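Peer 1: Here it is, the structure, as structure tokens.
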């Protein structure tokens, strides 16, 4: 309690700030948020610790918690960026796979045509049937891969927006303002990093 009172005295003796410059306590409207309740995991004011809802809680200076959660958020951003790089690599591989599927399909068609052109009209029906089969397989495979590409791009877009939000949060210099949003943002990033695992294609998928 003595430490809280010391913090309160320092706050009172320092240059008064306008309410708009620093978050104020909802319970004590004239008190700035200047400590962090470790028990409840929320920023609060000295009066709440001494007399209010957090009097039985463990508290810590804003600066120490601020630096810790900023470091945690920075690690989350690095994790997201690394994940985005992996997604981009997968997208590139899928696009290459799609092109290879189309090229292999065309090559298979040309080879098939070259062989059947040497046969008489009796084989035309068989040639058409096989061409149609290859075409359908191409459409199925490229359609599936294009669908995967679309899903990965959607995931990348969502993740990129989350990175932008996190970077904007990192630019926040106000300790209390930052701490009010950091925990939920970190939770959102961790959940986003755990989810979103999409299908991949097997090796040799492009072959006809």
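Since every read-out is calculated from the coordinates, none of them should be taken as a lab result. As the structure is a prediction and not an experimental result, all values here were calculated from the model. Cβ atoms come from the backbone with ideal geometry, glycine included; neighbour counts cover every protein chain shown.
Peer 1: Of 154, 111, 58, which has the largest mean-square fluctuation in a 10 Å C-alpha GNM of the chain?
Peer 2: Result for the chain, Cα springs under 10 Å: 111 fluctuates most.
Peer 1: Pulled fully out, how much extra length does the chain show between residue 194 and residue 51, if you take 0.36 nm times their separation in residues and subtract their Cα-Cα distance?
Peer 2: Numbers: separation 143, 0.36 × 143 = 51.48 nm, distance 4.12 nm.
My answer for the length gained is 47.4 nm.
Peer 1: Using the basic label-point model (7 angstrom from Cα toward the beta carbon), what is the residue 60 to residue 125 distance in nanometres?
Peer 2: 8.1 nm
Peer 1: Assuming R0 = 35 Å, can you tell me the calculated FRET efficiency for the pair residue 157 and residue 134, based on Cβ-Cβ distance, to the nearest 0.05?
Peer 2: E between residue 157 and residue 134, to the nearest 0.05, is 0.55.
Peer 1: Over the chain, what is the relative contact order in whole percent, taking alpha-carbon pairs under 8 Å and six or more residues apart? It would help to have the intermediate numbers written out before the result.
Peer 2: Working: 188 pairs, mean separation 53.1, N = 208.
Normalised by residue count, the contact order of the chain is 26 percent.
Peer 1: Now for a different question. Quickly estimate the mean residue ellipticity at 222 nm for the chain, helices only: each DSSP H run with n ≥ 4 gives -39500 (n - 2.57), and the total goes over all residues, rounded to 500.
Peer 2: The per-residue figure over the chain is -24000 deg cm²/dmol.
Peer 1: If you take the beta carbon distance between residue 114 and residue 202 as r and set R0 to 22 Å, what does 1/(1 + (r/R0)^6) give as a FRET efficiency, to the nearest 0.05?
Peer 2: 0.15
Peer 1: If you take the beta carbon distance between residue 79 and residue 187 as r and set R0 to 22 Å, what does 1/(1 + (r/R0)^6) give as a FRET efficiency, to the nearest 0.05?
Peer 2: 0.95
Peer 1: For the chain, report the translational diffusion coefficient in µm²/s to the nearest whole number, using Stokes-Einstein at 37 °C, 0.692 mPa s, and a Kirkwood Rh over Cα pairs.
Peer 2: This corresponds to a translational diffusion coefficient of 149 µm²/s.
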